[in-house]
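*Asks:* Sending over a structure as structure tokens; questions will come in a sec.
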Amino acid sequence: MLLAGALEKSHKLISTLLKPGDKAVDATAGNGKDTLLLAHLVGSSGKVYSVDIQTEAIKKTSALLKTKGFLDRVELIQADHSHLSRLVPVPVKAVMFNLGYLPGGDHNIITRPESTIKAVESAINITEPGGLITIVAYHGHPGGKEELEALEGYLANLDQEKITVLEYRFLNQVNNPPVLLTLEMET
């Protein structure tokens, strides 16, 4: 199939942007797969900041990075992603989000509209011109639809002279496939 799913599409976009030496953020570390991708792309001269509020997510991400040999280029941060601008001290080229819950974890612990919008605002503040923010929104769980709608409302009102926002979704697929929201910082 030529059309990629939301997560695959976000990986393709980030992969075309990041180069060795860049700095990037995984704002929702989860099981570490996006952190691993970012660490591979920025190379040994780059830096990745991987953030998650859950201890379990930080442990899983750390274990994955250790087995792949990329732990040295990642700073793991256990904190609420709404504080990104305080947690990440430098401009970054890319920020990735996966919204919802930790796969294999407690489905009652989910991202929420208020903290997600604050996190996206922080991400905008730390992303350099020409950089990208990708948000894969899983919305098939309780609270997911409300979070996506709040986020879409917020993003629709961003200044188009400064940020281009794209929504990528399948319209005729069952089971609430994830939606990709991408923000490109104007140069």
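*Asks:* Just in the range 109-187: which GluC sites (Glu not before Pro) are loop by DSSP and have at most 13 other Cβ atoms within 10 Å?
*Replies:* Glu161, Glu186
*Asks:* Within a Cβ distance under 10 Å of Leu181, other residues only, what is the Lys/Arg minus Asp/Glu net charge?
*Replies:* Local charge sum for Leu181: -1.
*Asks:* Per residue Cα convex hull volume for the chain, in cubic angstrom?
*Replies:* So the per-residue hull volume is 118 Å³.
*Asks:* Which of the chymotrypsin sites (Phe, Trp or Tyr not before Pro) across the range 93-187 are loop residues per DSSP, with 14 or fewer other Cβ within 10 Å?
*Replies:* Phe170
*Asks:* Can you give me the % of accessible surface on the range 30-113 that is carbon or sulfur? Probe 1.4 Å, all protein chains present, nothing else counted.
*Replies:* That share works out to 53 percent.
*Asks:* Let me ask you something else. Determine the distance separating the Cα centre of the range 41-115 from the Cα centre of the range 157-172; give it in Å without decimals.
*Replies:* 24 Å
The values are calculated or read from the model by the stated rules, or taken from the named source; none is laboratory data. These figures come from a predicted structure and were not determined experimentally. When we count neighbours, we look across all protein chains shown, and the Cβ atoms used for this are built from the backbone with ideal geometry, even at glycine. Please note that ligands, DNA and RNA were not included when accessible areas were found on the heavy atoms of the full protein model with its side chains. Shrake-Rupley method; radii C 1.70, N 1.55, O 1.52, S 1.80 Å.
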